[in-house]
Every structure is written in structure tokens, then in C-alpha cells.
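Reading through the C-alpha cells given below for one structure.
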Amino acid sequence: MGIFSRTSNASDDGTGDRSPGNSRGGSARAGWAIGHFIGYLVCVAAVAIVYVFLVESLSRGSMSSAFAFMQDPNAGAWATVLLVGFILLALDAIFGRSFQAVCTIGPVLLILPFASLEKLHYLSDPLFPTDFLFVRQVADIGPLIVDTRPMAAIAAAVAVVLVIAIVVLLLTRWRHAFPRENWWGRAARLVIALPALFFFYSVSDYGTYSPARDRMHIIPKMWDQKANYAHNGFIMAFAINVPMSRVSAPAGYTRAAMEKMQPSAGVSVQRRPDVVMVMSESFWDPTKLPNVKLSPDPMPTIRKMQSGYMFSPEFGGMTADIEFEALTGFSNAFLPYGSIPYQQFIRRPTPSLARFFNGQGYVTRAIHPFQAWFWNRGNVYKDFDFDLFKSETNLPKLPKRGPLASDAALTDEIIKEANGVKDPFFFFIVTLQGHGPYEANRYPDETIKVNAPKISASARQSLASYAQGIKDADTAFAHLVDWAKNRDRETILVFFGDHLPPMGPVYVETGFLKQNVAPRKAPPEKMLAEHGTPLVVWSNKKGIIPTGTISPSQMPREILQTAGMTHPFYTGFLGKVRDQYRVVERQLLLKPDGKTGVQDWVEKPRFQPIIDDYRRLQYDVMFGKGYAKDRFFPAMEDVPMANPRYHRTSSADSVHSPG
């Protein structure tokens, strides 16, 4: 059949018949083989086009949107088709059979764009490669998700089973249905595919400029991932995000630049009050929903004591990202969009409130009534230098309220722990009861009445369940306040919600949002409404401490300032940041007036000195050489910077990539 087919008519000794007649026959066979191979390439190209169209239809939730993407000459559609085609060629060469790659790998990969659409439904972000780091988390809260979308869950489960069954059959019983290729055919595929795939790999680093990538209309938009996926397509954007765990040094990061940065304050501790910091799961003010009346007020205590708002960088989930900012004073805005610092970057001793308080002789504990592995908290809290992490494994069995540990029982446990400590203490609490989804009749004894005639019965029931959870959280906090009021020792309580709850249909039907989740980018006033959660900073000696709207990264400053303490970074440097921007978020810098915002700043390698210094200092401590570590974090003075678990790929003077 010639050089690209399964067999050859040459004799066993490899010489064959050299007669003129047979030579003409050999030329004909070679010509047929070449034509056959060209036909195969055309088929692969056609399959790649169809496959890209299907992937885009699934990831966008619209065939018309996918068709528009394929037609747009300035989008990355045809570069994606080429990439997919070369991947199919390479895989066919590995399998040794034509078209087995598309029939085997194709069904598996079609699950990814479907998963991306589902993630957009819940969290307003597409699927990232880093999402596979917390598959176990998703599986663990799967039963809660199934309660809200049972049909979608069943369909997804059936699809997965069918795909697995088809792939197994294709690899075993049906394998022989695919034309088998000899070594010449396989080599020809690799000769074509491997250089092309290497080229695509060479231009995939979004941190470096590539003229070839620009000519293919592939434009990495790491600071706006929805735009990234919309312009480049799911496959290309997903591939661009693979190096997400690599953090490039920001522009101007050198030893000399870092040595010029000098702290404006040292460590000063005049008092040593006890501190209880409560991050309440999905706590938000539901009375902000339009066309809705709740009675009685589900959060009277929080409303009366509210200091301001915490501007959450997330919506509906990703609690660990807010926690990272609140405990370290660092910002997710300087990390790759979609990355998860708890699971990717905290791999060595890291500055935190726990480490600071430990250095002042405090007892430091983290308490969360769920499993220690969730969000990698068990390892992260060690790197943050907490004395003890009390999780589901070493807490007493707490009574449940609905499907999860109750806020009331957790508050009782906090008080019990605090009463058993003689030294000053810093407790960081992550509640659980308020976790979504909010199924109907979650609580059999609901006390909050929902008057919302314009929304569906299912949305009304979901809102009633959520509002009752807010009421329970408010009551639990009131109990904590009563306990603190009766203490002789100064006690500071900090309470805030991590993000707005995942209540998609409720938002749409009440008119609060146009879609199930808030957009990542919007005018400042809209972003404040869609990302602000109630914040309380209160002292039993000083009362309510006004804060305005702040990023979670400003929490350390608020706590230490209230405690009468100073610190080179937490009060000194973060104080300078606060003087110019109360919120530092990837899509918004909010000025002190609480209304004026700066957007699109993260696209610029250099912006304003205070923000550039913030970015460099964070990089220096988390990934760099630690030039300024000892000056800004005295508690880290004797802590080595060596990090065998994290591979820093960029040099100290490499060019910064946005986001």
C-alpha cells in the first residue's frame, strides 16, 4: 500500500522487484499513498474545525456565539484549529491508528468546556487548569450542589459514565476499526506535528512578547479571564493559563530597588488585647435585594455595630482567596488571575497575623468545623505559624443546623477555648453553616418572613433559607459580643462575610443582577454593591471602630491599629496604601472617598509608586530573594527563604506580566 499505509509489497529482504514495469507500479502506489495521506490531513483539519466549534458552543452556551467566534478574523479561532489538528496528528502517531485520537480524546475533552460553563454559572469565572487542584473540594461539597440542580447533576454523571465507557471500548474492543499505520506513516505525522506543537509551546508564555502570537491574533488577557476566553477561545485560553503557577518578577524588582524601600514604623506593642477574628461564610445583607422585604430584620446586631464593608475580590465562592488577604495583608491582584495562593504559592513560612502575634507571646489558633485538607488549610496554617488548627478532626462533634455545623455551637466552642487560655490570644474563625446552596426548607423553624411577590416560589424559598442563616449568624455574633462585654481583659472582635452568597436565580428575579453572578468588571458603584459584605471591628473598651469600605488585605492594619500596635508592614506600609487606596483589587482601586475608582490599572507594568512598591514587596517575600523581608517583617528575620516545594521560574529582573 506504500510508505504511509499498513503494509508494503516489498520483498522480505527490502529490495523488491526493480524491473521497469514494477517501478511504474511502485510510483503509482507511492502516489496513491501520498494522496491518501493528504486526504487524511484534510479530514483531520475538518475534524479539528468541527471539534473547536463544539468546544466553543459548549463553553459559551450558544452555537451562534461559537459561530461568530469562528468567523471573526481577529479572534484566535483558526490558530486553535491548527493547534487541535497538530495535537490529533501527534496522538494518532502515538496510537498508531488513524483517527483514534479524535474518537478517544475528543469525548473526554468535551467535558471540560461543559464544566467551564457550569463554573461560570456559579462563580463568574471560566475553568482554569488550577481548578484541578481542588477537585477533592468540589467532590466533597457535591451533595450540596446536587440539591440545587439535581437534573444537571444527573445529566453530568450520565455523560461522564458514557464517555468513560466509550473511551474504554475505543481503546479495547473497537480499536481495530481504525486504520493501522506503519512506522513511516507515524513518523510523517510526528515530523509535521512536533515542530508545530513546539512552536505553539514557545509562544504560550504570556509573560513575554511574541510577534508570531500577535500575528495569529492570540492575545493573552490575564487580567480579564472572561475576555481572555471570549477572544482566544476555550482551548487556547486554557492552554495559555497552564503556566499560571509561574509568577514573574514585577518590573523594577532588583536588590537596589528593594533596599531603597525603608519602613516608616517599627514594632511597638503598648497593650496586648485578645483578638477574635470571625470570617462568616457567605454573610451578606439580604435586605439590599430590590423588591424584597424581610421581617424581622435578619441582622440587627451586625447592622447596629457595623464599621463598614469588606470589598470581596470574589463572588459566590473561593473563600480561601479572601482568607489569604485577610491573614497576610497581601493582595490577590498581584497574582495570576485564577490562581489559588493557598494551594499553589504558600509552600514556605509566610508572614501573617498569626506569626506576628506569636512573636508577641500570644496563643494563636485557627478554628474551622470542616476537614483540615479543605483549601490545604492544614499545611497553610503551619506556614502561617498558627500554634494550633482545630478542625472537624480534633473539635468536639458540633450540633448541625441544617446540613452543616451550626454557628451557635461554633460560637460556644470559641468561648470555651478562649476561657481556657490565660495568655493573650489571637483566634481566627471560619464558620460553615452559611455555605450554599440554599435549598428550600433548610431550616424547619424559619423565623424570617419573605415578602417578594415578583419572584418564583423556588427563589422565595431559597431566599428564606439564606435569610434564616443570616439570622442565626447574627444571633451567634450577639452571643460573642455579650461574652466580650463581660470580660475584664480588652477584647477585639472582628466579623466579616467572605463574599456574597451563590443565589443566582434570586439575584436575577429580584433585579439585583442581570445574570446569576456579578460581572468581574463594572463601574465602581456597581462593584461596591456587588462585592461589599458587612464588616464589624469592635472593642469592649473602645466600641465600634469605623473603617469605611476596605479590601480584606487591610484587615491586619485595622486590627493592629485598634490594638494600639505598630508594625513596619501591617500598619506602616499598609497605612500608606490605605491613604491612597482603600481597596486594591484586580479590577478596581478605590480611593479614600469610597466612591472614586481607578480601573484597568493592572494591565500596566508600572502604575503608581505605592502600588508598584506593594507589588514588589509582596513578590520579594513570597517568591523572591527576601531583600526587604527582615525590615518589613521582623518576625521572619531568622526564618530561611529556601523553598524546595516551589519552583520560581523567572529571574529577579524579568519583565512583569499584567495580573
Contour minus Cα-Cα distance for Asp488 and Lys454 (0.36 nm per residue): 7.2 nm
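Return a whole-number percent for the relative contact order of region 264-354, with Cα pairs under 8 Å and 6 or more residues apart as the contact set.
Once normalised by length, the contact order is 20 percent.
Given the Cα-Cα distance of Arg271 and Phe198 and 0.36 nm per residue of separation, how much length would full extension add, in nm? Each step should come with its number before you reach the end.
On the way: separation 73, 0.36 × 73 = 26.28 nm, distance 6.05 nm.
Once the chain is fully extended between Arg271 and Phe198, it gains 20.2 nm.
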Given unit charges at Cβ for Lys, Arg (+) and Asp, Glu (-), the dipole magnitude of region 271-636 about its Cα centre in debye, nearest 20, is 520 debye
Percent of all Cα-Cα pairs per 10 Å bin for region 271-636, counting from 0 up to the last occupied bin, reads 5, 25, 35, 25, 9, 1, 0
Average Cα contact separation per residue, region 379-537, under 8 Å, 6 or more apart, as relative contact order %: 20 percent
Here the FRET efficiency for Lys304 versus Ala46, based on Cβ atoms and R0 = 56 Å and rounded to 0.05, is 0.25
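I'd like the antiparallel share, as a percent to the nearest 5, of DSSP beta bridges with both residues in region 357-460.
Here the antiparallel bridges make up roughly 20 percent for region 357-460.
Evaluate E = 1/(1 + (r/R0)^6) for Lys595 and Met261, where r is the Cβ-Cβ distance and R0 equals 35 Å; express this FRET efficiency to the nearest 0.05.
About 0.70, to the nearest 0.05.
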Considering only protein heavy atoms, what per residue accessible area in square angstrom results for region 541-612 with a 1.4 angstrom probe? 35 Å²
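Leaving ligands, DNA and RNA out of it, report the carbon-plus-sulfur percent of the accessible area of region 42-125 at a 1.4 Å probe.
81 percent
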On the accessible surface of region 271-636, probed at 1.4 Å, how many percent belong to carbon and sulfur atoms? 50 percent
How would you rank 579-586, 372-379, 534-541, highest first, on the average number of other Cβ atoms within 10 Å across their residues? 579-586, 534-541, 372-379
Residue by residue, what Karplus-based ³J(HN,Hα) values in Hz, rounded to whole numbers, does region 428-443 have, using 6.51, -1.76 and 1.60 with θ = phi - 60° and x for Gly and Pro? 10, 10, 10, 7, 9, 3, x, 5, x, x, 10, 6, 4, 6, 4, 10
Sequence-distant or interchain residues sharing an amide H contact under 5 Å with Ser307, placed H: which? Leu535, Val536, Val537
Taking the Cα atoms of region 250-364, report the difference between the largest and smallest coordinate on each principal axis, in whole Å and largest first. 59, 39, 26
Prolate/oblate/rounded call for region 490-639, Cα gyration tensor, a/c under 1.5 rounded: oblate
Calculated FRET value between Lys526 and Ile94, using beta carbons and R₀ = 35 Å, to 0.05: 0.10
Region 458-488 to region 266-319: how many Å between their Cα centroids? 11 Å
Between region 549-611 and region 396-427, the alpha-carbon center distance in angstrom: 32 Å
Computed lengthening from Asn182 to Lys416, 0.36 nm per intervening residue step minus Cα-Cα distance: 76.9 nm
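The values are calculated or read from the model by the stated rules, or taken from the named source; none is laboratory data. Bear in mind that the values here come from a model prediction, so they are computed numbers and not experimental data. Please note: Cβ atoms are built from the backbone with ideal geometry, for glycine as well, and neighbour counts cover all protein chains shown. Surface areas here come from the heavy atoms of the whole protein model, side chains and all, with no ligands, DNA or RNA. Shrake-Rupley method; radii C 1.70, N 1.55, O 1.52, S 1.80 Å.
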